[in-house]
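Read the structure below first, then the notes.
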């Protein structure tokens with residue numbers, strides 16, 4: 001099985017499924033310069049490989065991620081603005097590519113999530129959380145506003161007013177409340193998390209990958225483009241898919257009353 005091993009994460013490629021794991025549990029899997037660079041490099045790999053048809057994002061340890069590495073911030077506060085610009089240049093590009101690539105991203109949060117890591121999880125297409133997990137806004141507690149696409153990912157999932165409240169009040173939501181407000185898609189017992197997320201990720205990896213990509217990208221423009229423009233976005237995406245092998249297989253399987261065997265092209 002092919003594997004990429006980096007300083008802060010690993011990625012294993014397994015029959016259409018890319019298994020990404022945050023691997024610094026002793027530090028709480030923080031967002032730091034190395035993690036941002038590696039997420040950017042990984043996003044290039046995942047978005048350009050035809051054999052990646054779904055991504056499963058997990059983490060090791062007690063925390064999914066504690067968010068930004070405050071210890072790194074404290075090393076030289078005079079360099080903090082430069083440091084933030086450098087980190088976000090990498091991380092924000094990674095998030096943009098993951099949002100726009102064909103392969104859906106399933107995230108399984110096994111431990112608490114804070115700050116920018118909340119957005120990292122919320123940017124996934126399907127978000128699972130163990131029933132013991134808490135989501136901590138964190139930013140305003142240290143005088144920061146939100147980054148990592150939080151203003152987009154949280155407002156898309158929770159609605160503008162609820163996302164603003166979460167960030168302004170630096171709220172901590174348990175898993176049940178996070179599911180109630182739309183931040184999380186599925187809450188499951190901790191001992192069932194891996195199996196549940198894996199099942200969904202594998203189902204997506206066996207699905208019509210190009211159609212998933214078109215759904216992801218047209219959803220992204222739904223709130224920003226005029227209604228008539230969005231209708232044309234949908235029409236163009238649908239027409240482009242009409243010539244794919246997966247559409248032909250899907251239509252044929254439907255007419256033959258059998259399960260389609262999608263290949264992702």
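Derivation of every value follows stated rules applied to the coordinates shown; laboratory data play no part. As the structure is a prediction and not an experimental result, all values here were calculated from the model. For neighbour counting, all protein chains shown are included, and Cβ atoms are generated from backbone atoms with ideal geometry for every residue, glycine included.
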Mean projected area (nm²) of the alpha-carbon convex hull when the range 1-111 is viewed from all directions: 6.7
Taking N as the number of residues in the range 33-183, what is its Cα Rg relative to 2.2 N^0.38 Å? 1.02
Need one number: % antiparallel among DSSP beta bridges in the chain, to the nearest 5. 40
Do you know the relative contact order of the range 130-265, to the nearest whole percent, from alpha carbon pairs under 8 angstrom that are 6+ apart? 23
If one computes the Cα centroid of the range 64-81 and of the range 104-183, what distance in Å separates the two points? 20
Which whole-number percent of Cα pairs in the range 146-260 have a distance greater than 18 Å? 68
Cut-off 10 angstrom, C-alpha nodes, Gaussian network model of the chain. Which of 255, 150, 43 fluctuates the most? 255
Suppose we take every Cα in the range 79-164 and form the convex hull; what volume per residue is that in Å³? 103
Top of 93, 203, 74 by mean-square fluctuation, Gaussian network on the chain, Cα under 10 Å: 74
Apply the Kirkwood formula to the range 214-254: the hydrodynamic radius equals the inverse of the mean of 1/r over all pairs of different alpha-carbon atoms; give it in Å with one decimal. 11.1
Just 32, 131, 225 to compare: in a GNM of the chain, with alpha carbon springs under 10 Å, which one fluctuates most? 225
Tilt, helix 33-48 to longest principal axis of the chain (alpha-carbon atoms), in degrees rounded to tens, equals 0
Run the simple label-point estimate for residue 232 and residue 258 please: 7 Å along Cα→C-beta, distance reported in nm. 4.1
What whole-number distance in Å separates the alpha-carbon centres of the range 1-56 and the range 192-255? 23
Roughly how tilted is helix 245-255, in degrees to the nearest 10 and between 0 and 90, from the longest Cα axis of the chain? 60
